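Nothing in this text is a laboratory measurement; each read-out follows from the coordinates by a stated rule. Bear in mind that the values here come from a model prediction, so they are computed numbers and not experimental data. Here the Cβ positions follow ideal geometry from the backbone for every residue, glycine too, while neighbour counts run over all protein chains shown.
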Amino acid sequence: MSLDSLEPKIRKLLLHHLEFGNISLVDSAALAYILSEAEDETIEEYLKKLSSEFPIFNEIFEDQKSEIKENLEQIVQNFVKSIIKDNPLLAAQISQTAFKKDMTIAKLKEKYPEFEEYLNK
């Protein structure tokens, strides 16, 4: 997570929760200030610490997980398209495995060396 990619999300999140009364104006201003002082390498750490007291920040982590899952799905779809003619069984197996809840690219690469080879190209 980079500060540049998170800044608009954080601003939108704070404004949304301020508008609906889930967070006070003082808290919102304080959080905006604290996060504006963060650097790229510390922003995620700040958000995790703040999320224990302000659960609204959990939305950012949920969005991040969703984006990662979407990227994984797209990569797997491209891989399946590239192998389906030559190896339909592998295409079916990796499709089923990839869409399990806790699946990651690292786990897929470990389980399917062909997938790792595809990613290294």
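Taking other Cβ within 10 Å of each residue's Cβ, how do GLU41, GLU73 sort, fewest first?
GLU41, GLU73
Just the number: Rg to Rh for the range 66-120, Cα atoms, Kirkwood Rh, two decimals.
Rg/Rh for the range 66-120 comes to 0.93.
Quick check on the chain: helices-only [θ] at 222 nm, where DSSP H runs of length 4 and up contribute -39,500 (n - 2.57) each and the sum goes over total residues. Nearest 500, please.
Computed ellipticity for the chain at 222 nm equals -25000 deg cm²/dmol.
So what's the angle, to the nearest 10 degrees on a 0 to 90 scale, between helix 3-19 and the longest Cα principal axis of the chain?
Its long axis makes an angle of about 60 degrees.
How big is D, in µm² s⁻¹, for the range 3-53 by Stokes-Einstein at 37 °C and 0.692 mPa s if Rh is the Kirkwood radius over C-alpha pairs?
294 µm²/s
Could you give me D for the chain, from Stokes-Einstein at 37 °C and 0.692 mPa s, where the hydrodynamic radius is the Kirkwood radius over C-alpha pairs? Units µm² s⁻¹, please.
195 µm²/s
Evaluate the charge dipole of the chain about its Cα centre and quote only its size in Debye, nearest 20, assuming +1 on the Cβ of each Lys and Arg and -1 on the Cβ of each Asp and Glu.
I would put it at about 660 debye.
Among ILE43, PRO8, ASN22, which residue has its Cα positioned farthest towards the positive end of the charge dipole of the range 3-53, with +1 placed on the Cβ of Lys and Arg, -1 on the Cβ of Asp and Glu, and the dipole taken about the Cα centre?
The residue sitting most towards the positive pole is ASN22.
Relative to the first principal axis of the alpha-carbon coordinates of the chain, what is the inclination of helix 88-98, with its axis defined by its Cα atoms, in degrees from 0 to 90 and to the nearest 10?
20 degrees
Gain in length, LYS48 to ALA32, computed as 0.36 nm per residue apart minus the alpha-carbon separation, to one decimal in nm?
Length gained between LYS48 and ALA32: 4.3 nm.
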